[in-house]
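Please read the structure below before turning to the comments.
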Amino acid sequence: MKVLDIIKILNAKPLYVKDEDFYNVDFNRAFASDLMSDVLALIKKEFEETLLLTGLCNAQSLRTAEMLDLKCLIYVRGKELDQDTLELAKEMDIAIFTTNCTMYEACGRLYQKGLSSIDVV
Amino acid sequence: MLSEKYEVARDDYANAGRVSSQVKQYLSSLGVSSDVLRRIAVACYEAEINMIIHAWGGAINLNVTDDGVIQLIFKDVGPGITDLEKALTPGWSTASEEARSFGFGAGMGLVNIKRVSDEFDIVSSEEGTTLTIGFKVS
């Protein structure tokens with residue numbers, strides 16, 4: 001699913017996107033959690049194609065994404081980053097979006113439109 | 001052998017993960033493959049977070065041996081882990097509310113570290129905990 005479709009489905013707004021080409025990047029899977037150790041434990045492959053949804057709106061969600069080479073984060077419940085953390089996202093070049101959807105609704109909308117979960121083995 | 005040393009300060013939540021980022025960048029510059037690099041980054045980040053939220057700070061030593069082993073030694077200054085067996089049980093956690101507000105305290109830290117590393121050793125007393133992990137790169 002292309003980023004452009006994802007943000008339409010979630011009515012999400014960009015907080016940081018390096019360039020317009022990113023809207024054509026495909027993400028095949030998504031994972032959602034506010035617990036970063038769960039993210040670090042469960043995302044085991046296809047890292048660059050996995051979208052992370054979280055309500056944890058701080059540097060640790062970005063650091064977690066950085067360690068796993070994730071390229072895109074979506075913050076749920078309308079959360080936004082403070083300026084320092086936004087600068088960190090730019091430094092790491094991780095695309096950031098925010099949606100007013102709750103975690104449940106964001107996941108439901110994307111799953112209904114065909115975005116798969118990750119495989120937990 | 002190449003060696004690097006990094007300091008981690010107690011309760012330094014604002015900078016949590018910075019050392020792991022530096023370690024990842026350094027090893028990337030040495031040409032370590034992305035799969036191995038990701039495993040090292042995950043382990044290093046979990047261990048760095050543990051030093052900040054559970055310990056009173058400490059140091060991280062990175063060694064790259066000539067025979068292709070990357071070793072990370074996390075040595076903190078206390079207060080030690082009272083029950084190592086429980087600490088290695090998935091879901092068991094003594095993390096504070098502050099640690100949880102940063103997204104940690106799921107009780108998966110040491111479990112994750114052990115899972116992704118090729119070598120794992122942990123020794124703990126009231127004087128501190130030393131965690132040694134190794135990764136084979138060749």
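The values are calculated or read from the model by the stated rules, or taken from the named source; none is laboratory data. Nothing here was measured: the structure is a model prediction, and the numbers come from that model. Cβ sites come from the backbone with ideal geometry, for glycine too, and all protein chains shown count toward neighbours.
Here is how the numbers come out for the structure above:
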| quantity | calculated |
| --- | --- |
| The stretch B:96-138 - residue that is modelled with pLDDT of 90 or more and aromatic (F, W, Y) and, of those, nearest to the chain's Cα centre (by Cα) | B:F120 |
| Total residues in the stretch B:66-93, condition assigned to a loop (DSSP other than H, G, I, E, B) and in contact with a strand residue (DSSP E or B) (Cβ under 7 Å, 6 or more places away or on another chain) | 5 |
| Looking only at the stretch B:14-44, and only at residues there that are without any contact (Cβ under 8 Å) to a residue 40 or more places away in the chain and in contact with a Leu (Cβ under 7 Å, 6 or more places away or on another chain), the one that is surrounded by the fewest Cβ atoms within 10 Å (Cβ to Cβ) | B:S28 |
| Residue selected from the stretch A:58-106 under the condition exposed (fewer than 15 other Cβ atoms within 10 Å of the Cβ) and in contact (Cβ under 8 Å) with a residue 60 or more places away in the chain, by the criterion farthest from B:V19 (Cα to Cα) | A:N100 |
| Residue ID - modelled with the lowest pLDDT, chosen from residues in the stretch B:40-84 that are under 13 Å from B:E7 (Cβ atoms) and within 14 Å of chain A (Cβ to nearest Cβ) | B:I52 |
| Helices (runs of 4 or more DSSP H) wholly inside the stretch A:1-73 containing at least 1 residues that are over 20 Å from B:F102 (Cα atoms) and in contact with a helix residue (DSSP H, G or I) (Cβ under 9 Å, 6 or more places away or on another chain) | A:3-10 |
| From B:S93, B:S29, residue being farther than 30 Å from A:G55 by Cα, of a type in the set (S, T, N, Q) and either over 14 Å from the mean Cα position of the chain (by Cα) or modelled with pLDDT of 95 or more (or both) | B:S29 |
| Residue match in the stretch B:111-118 (condition: of a type in the set (K, R), surrounded by fewer than 22 Cβ atoms within 10 Å (Cβ to Cβ) and in contact (Cβ under 8 Å) with a residue 24 or more places away in the chain) | yes |
| Residue that is nearest to the other protein chains (Cβ to nearest Cβ), among those in the stretch A:35-64 that are closer than 21 Å to B:A14 by Cα and touching a strand residue (DSSP E or B) at 6+ places or on another chain (Cβ under 6 Å) | A:S61 |
| Qualifying residue in the stretch B:116-128 (condition: part of a helix (DSSP H, G or I) and over 18 Å from B:Y6 (Cα atoms)) | yes |
